[in-house]
Each structure stands twice: as structure tokens, then as C-alpha cells.
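Just so it is clear, none of the values below were taken in a lab; they were calculated from the coordinates. Here the structure is a predicted model, which means the values were calculated and not measured. Every residue, glycine as well, gets a Cβ built from its backbone with ideal geometry; the counts of neighbours run over all protein chains shown.
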Amino acid sequence: MSPRVLVLLLDAAGAPACLEAVSGACRALPDPEILGLHVRCDPASAIMPSEEVLTTARRAALEAEADRAQAAIRAAWQVWSQGGVHATWREEAGDPAAVVRAAGTFALIAMSLPGPDALPAQRAALDALLFTPDQPVLVVPAGWSGEFGRHLAVGWRDTEGTRRALVAARPWLRAADRVTLLAVADDGPSWPEDALLGVEPGRLERRRIEPGGQDEADSLLAAVADAGADGLVMGAYRRGRVMEWILGGVTQQCLCAATRPLLMVH
């Protein structure tokens, strides 16, 4: 059975970058079946808490904006899917997280990183994906352009969650030309065994990154850029999202500052 890939396209600005990254990611999968999905959210979800009433004029404006976004996303998909990929397209209305949960399991789910003006439902969809155990999720910043998957960086810390993430990400690690293992640590880290990564030693480099006064996320992202990697593989949310907001956390900080695609697994 061919592996299934879901491309969740919720905003027009991020669609081209997301599709470009998916092209690279699908090189690691044998003859994948790709489902492109746009879920149109209820305009009421865009109302700010300070707005008490969704007026007729305001709803009409939101519906027109959603029409434009949907048309732009559909056009981006049509251009991309003409490249000979095995792909189908679907459009629905509702809650993106609920629609994705009903769609079944996938070898990979890709979506663009919600921007500052994203609807709450779009952010909730990303959270739902990142809290799905062992589900590889490719999160792509809207402004990114490049070739994903040739040189992958891996954020390493010796935890059960990171080890699970590496097992789930093994198809992409094996397909990469280079893999750079990055550990943010003051002292020498305990590196994973080669078998966990599934990468031949000749394609694998290990780098210990000294924090240098930065927090772990900033140090990690700076090291990814310094290595010239085209994506970062990492575990997602070691603790709950609310606790990460309160205490700070690598997942949330990386999502806020990412300039390259993140392949994340909870």
C-alpha cells in the first residue's frame, strides 16, 4: 500500500512554500498518494473578543476574504499538482482539526506555519497535529523557499520523546544526502547509536553546540542555519502547550522563530 501524505492548506500566503517543501519530503516515500485539503473555517471564528456582534456587513467581508483565499490556494495546488504527482484535491467547511482527525492516518502531514494573523482554528489545527503521537508533521514557514530534505539537521537530546521522533522521521533521515546531529549542551552529550538514525556514518555529522548565553531554541536554530541545513527534525512538546507558554519551551520558541521547515513528531 502506498504511503498517504496529507497537505493541509489553510492560508494562501503559506501554500506555495508548503507545497515546495512537500515535493522534497515526498522523495523519501515510495510512490506516495497525496491528498490536498483546504478546510474553510466559519467566519465567526475570525471575530476578535472585543467584537460583540458579527454584523451582516462584517460577515460578508469575511466571506469575500475567504473566497479569495480559497481561490488562491486552489490555484497554487493546481499549478503544483501538474508536476506528475499522484494527488487528489478536496475542499470542506468546518473545523480543520476535526476534519483531519476524521481523515485517517498518514505517513506525513504538512501544513504552513500559522502567521500572526492566522485564525484561531488554524493554530488549533497545528496544535492538534503536534500532539498526535508518532505522527510526522512538516511545518513550513510562509516565506521559505528551497529544496527540503537534502541536508537535515536533527535537534538531539537523549530522551524517550526524541528517540521516538527519530524513529518516525527515519524515512527522511535515510533519504537525506547529509544529516547533522545537533546537541545544545555545556558538556559532551550522550549521542544516539547509528542504528537509531538509520544513517550511514559517512553522511552523518555530530556537533555539540554551546549555549553561549542563549536559550536552547535560539542556539539550536542558529546552529541549523550555520550548518546550512534545509530543515530541522525535532521532537514536539515535551510538556503541554500551556506549560510551554508559561515556562517557555523549545517547541513553541522554534515555531515562533523558524525560517526553515520543521519536521516534528510528538
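Taking the Cα centre of segment 71-171 as origin, work out the dipole magnitude from +1 charges on Lys and Arg Cβ and -1 charges on Asp and Glu Cβ, in debye rounded to 20.
240 debye
Once you've got the GNM for the chain with C-alpha springs shorter than 10 Å, pick whichever of Thr56, Thr162, Thr88 has the biggest mean-square fluctuation.
Top of the fluctuation ranking is Thr56.
Could you tell me which label, among (1) 18.9, 63; (2) 23.9, 74; (3) 17.3, 49, carries the value of Rg and Dmax of the Cα atoms in Å calculated for this structure?
After the calculation, the listed value that fits is (1).
Return the single residue from Gly115, Gly188, Gly149 with maximal mean-square fluctuation; model: Gaussian network over the chain, springs between Cα atoms under 10 Å.
Gly188
With each pseudo-label sitting 7 Å past Cα toward Cβ, what's the Glu147-Arg90 distance in nm, one decimal?
Distance between the two pseudo-spin positions: 3.3 nm.
Just grab the label-to-label distance for Glu200 and Ala225, each label 7 Å out from Cα along the Cβ direction, in nm (one decimal).
Between Glu200 and Ala225, the simple spin-label model gives 3.3 nm.
Sticking with the crude label model, points 7 Å out along Cα→Cβ, report the distance from Arg207 to Asp134 in nm, one decimal please.
3.2 nm
Taking only the alpha-carbon atoms of segment 143-193, what semi-axes of the equivalent ellipsoid follow from 5 times the gyration tensor eigenvalues under a square root, in whole Å, largest first?
Value: 22, 14, 10 Å, ordered largest first.
Considering only DSSP beta bridges where both residues belong to the chain, give the percentage that are antiparallel (nearest 5). Intermediate results must be reported in sequence, preceding the final value.
On the way: 3 of 41 bridges.
Antiparallel bridges: around 5 percent, rounded to the nearest 5.
Could you calculate the contour length gain from Ala60 to Ala75, that is, 0.36 nm times the residue separation minus the distance between their Cα atoms, to one decimal place in nm?
Extra length from Ala60 to Ala75 when fully extended: 3.1 nm.
Peptides 10-18, 256-264: what's the order by average Cβ count within 10 Å, highest mean first?
The packing order, highest mean first, is 10-18, 256-264.
So what is the relative contact order of the chain, in percent, for Cα pairs below 8 Å that sit 6 or more residues apart?
Contact order relative to length: 22 percent.
Helix-only estimate, please: 222 nm mean residue ellipticity of the chain, summing -39500 (n - 2.57) across DSSP H runs of length 4 or more and dividing by its residues, to the nearest 500.
Roughly -11000 deg cm²/dmol at 222 nm, from the helical runs in the chain.
Please compute the net charge surrounding Ala185, taking Lys and Arg as +1 and Asp and Glu as -1 over other residues with Cβ under 14 Å from its Cβ.
On the way: positive: Arg157, Arg206, Arg207, Arg208; negative: Asp158, Asp186, Asp187, Glu210, Asp215, Glu216.
Here the charged neighbours net out to -2.
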